1. Suppose we keep only residues that are surrounded by 15 or more Cβ atoms within 10 Å (Cβ to Cβ) and at pLDDT below 80 within the stretch 556-577. Which one would you say is farthest from residue 481 (Cα to Cα)?
2. Only one of 410, 381, 397 is over 21 Å from residue 443 (Cα atoms) and at pLDDT below 95. Can you tell me which?
3. Tell me which residues, restricted to the stretch 130-150, are under 44 Å from the mean Cα position of the chain (by Cα), among the polar types (S, T, N, Q) and assigned to a loop (DSSP other than H, G, I, E, B).
4. Could you run through the stretch 530-586 and say how many residues are under 19 Å from residue 466 (Cα atoms) and without any contact (Cβ under 8 Å) to a residue 12 or more places away in the chain?
5. Quick check on this structure: which one of 166, 127 is under 21 Å from residue 87 (Cα atoms) and either aliphatic (A, V, I, L, M) or more than 39 Å from the chain's Cα centre (by Cα) (or both)?
6. Consider residue 308 carefully, then state whether it is outside any loop (DSSP other than H, G, I, E, B), in contact (Cβ under 8 Å) with a residue 40 or more places away in the chain and surrounded by 21 or more Cβ atoms within 10 Å (Cβ to Cβ).
7. Conditions: (1) at pLDDT 90 or above; (2) touching a Ser or Thr at 6+ places or on another chain (Cβ under 8 Å); (3) surrounded by 19 or more Cβ atoms within 10 Å (Cβ to Cβ). Residue 63 meets all but one. Number of the miss?
8. Which residues, taken from the stretch 340-370, are in contact with a Leu (Cβ under 8 Å, 6 or more places away or on another chain) and β-branched (Val, Ile, Thr)?
Amino acid sequence: LSSPLLSSPPSIRVVEECRLIPLSRLPQVEHLLHYLQSRRPAEGKGQVDQSSQLLRPRELTPFEGLEVGEEASISQVERYVELLYEGLPEKIRGSALLLQLARNPDNLEELLHNGTLTALGALARVLREDWKQSVELSTIIIYIFFCFSSFSQFQAVVSHYKVGALCMAVVEHELRRHDLWKEELSKKNKAVPEQGSLRRDQEKAVRKYRSLLAKQEQLLRVSLYLLLNLAEDTRTELKMRNKNMVGLLVRVLDREDPELLVLVLSFLKKLSIFLENKNDMAEVDTVQRLARFVPCDHKDLLNLTLRLLLNLSFDSGLRTKMVEAGLLPKLTALLGDATHRQVAMWILYHISVDDRSRSLFAYTDCIPQLLQMLYDHGEEKMDIELISFCINLAASKKNAQIMCEGNGLKMVMKRALKMKDCLLMKMIRNISQHDGPTKALFIDYVGDLAAQMAAEEEEEFVVECVGTLGNLTVPELDWELVLREYNLVPYLKDHLKPGETLTRDRLHSLAATSQQEDDEFVCQIIYVFYQMVFHQATRDVIIKDTQAPAYLIDLMHDKNTEIRKVCDNTLDIIAEYDEEWGRKIQSEKFRFHNNQWLDMVESRQAEEGEAYLYDNDNDRTDLFYSADGITPGDGSISPDFYNDLQSQNGEDPPAG
């Protein structure tokens, strides 16, 4: 592969030499060659890499009982085809010999060029006519078509003979047979036998059931593998969906064979990326059937189950079903497994989005594990999934109390202030919003949070600090001391000026994201003022020593609804305690709320003034109000006068 004598890249040479590999697969060939060059040698000759034993979607292990005592030859194809027109044993033998040839990929194209389309037609005919007669025959013939379906260029041939539709019919029929077997076996188990002969009959029935089940699962595996290959074409996949493919696959989840389950989960995971298939899975209780695989000893099975659950977890209804199925503690336990930790955390993050499910995390050991992960990161950049998960959980009061146990809050606060981590501070802000003993723990950090406002840190980080301070509604906190100690009043005044914060970030002054951050920043500062005006000492400072009320009045006209709402509430409290500002606020509110009406009045007055400049009959009101010469033309008579007059004359009044 690394020889300097090669004139072209190895991947191109591989594609050129092997006609079975289309040019569109060139990137995958390059990736595989790179893997072969860079892989590490095995540590011992006797050791076998477990990853090489994992079942791949395109691989299919040979089935027992399908071999014949003859080695097939490509030159004897016509003889094998002739056997397909004989009795059932000859059909099984002929198809088994053709399978030997088809299992070698080098023979596939040779088979097609040797006129074997007739053979494939004969195989399709036998399958269509005799698939109910013999499980072995059906398995062998479908296996042959599976070998062709493994390559994209041959899938059209498989579709031409309607083999996909036949496979779906086979799968549905076998699932019905399995239900009947279980029903019969259940009846025999309920009738407790006392005689030895009856017990022997029951044991014989169990052995027969297991034998039939093994053969049936071979047929299901090869049929579903073929359908999975054909599903590469989204049009074919849509046809499968219309024939209830999801329902068939979910029913197979009750089986115990690991290889069959891996196949079914791979298929379901592929289908789950489409909304219609996801909705079908929701209707057939897929989540409840998947719950039994979490956890399990089979790594491939567990990994595929988790990834399927991840796809389904984007639906709020399915997330609720996951909680009801008891998956929350099971997924939490997987956080300690490095192999499955990431996928499990993604699913748990989606579950934590729902308010109803968020509080349930308090009854698991999830939060201590997450805090340990935060601690283990040290000064490294934190995973966005981890901190986002913590932010969601902190929105629940019970979870926040657990986070604050021991030195939890101290550790998180120390890291947030040291690393200036905006997301970590957002988590702290969520913790601070809950009433109860958790708020009292923040008194020790008021100084550190206030210092960030004067340190010219990033606005996004300062917003979270200000929001945290605004949540600290505890009587023990002396706001007057905080304002004077850290000289916060001038800072808050500057950031309350309309348009001031927009000019601070010069690089992004026109960006929409910057505007959103500015609105959030202003809103948090106003909320801090809102908390401060409840206390007499800080209220007097704000009203008498600053122009904050004037700035708040200006912000009453802000386009942001939340800013206007907090401003109104703050100004109402100021107006209650200060008469002078109360009059100004009342006047401004009156002008603001009646501004549209005043504009309309001024506009109408202007129009009436202009009307006298023109000679128009519309200005002669006497033409409209005194047509009969009786009623005055100044409009002093109400319309009821006309109704009464018409009643006296015997006329019906006009309908309103």
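The values are calculated or read from the model by the stated rules, or taken from the named source; none is laboratory data. This one's a predicted model, so the numbers in the text were calculated from it and none came from an experiment. Neighbour counts run over all protein chains shown; Cβ positions are idealised from the backbone, glycine included.
1. Result: 558.
2. Details: 410 fails: over 21 Å from residue 443 (Cα atoms); 397 fails: over 21 Å from residue 443 (Cα atoms).
After applying the criteria, what remains is 381.
3. Filtering the stretch 130-150 for residues under 44 Å from the mean Cα position of the chain (by Cα) gives 131-132, 135-150.
Now restrict to residues that are among the polar types (S, T, N, Q): 138-139, 149-150.
The answer is 150, and nothing else.
4. Number of matching residues: 2.
5. Going through 166, 127 in turn, just one is under 21 Å from residue 87 (Cα atoms) and either aliphatic (A, V, I, L, M) or more than 39 Å from the chain's Cα centre (by Cα) (or both): 127.
6. Taking the combined requirement at face value, the residue satisfies it.
7. Here residue 63 clears every test but (1).
8. 343, 347, 351, 364, 367
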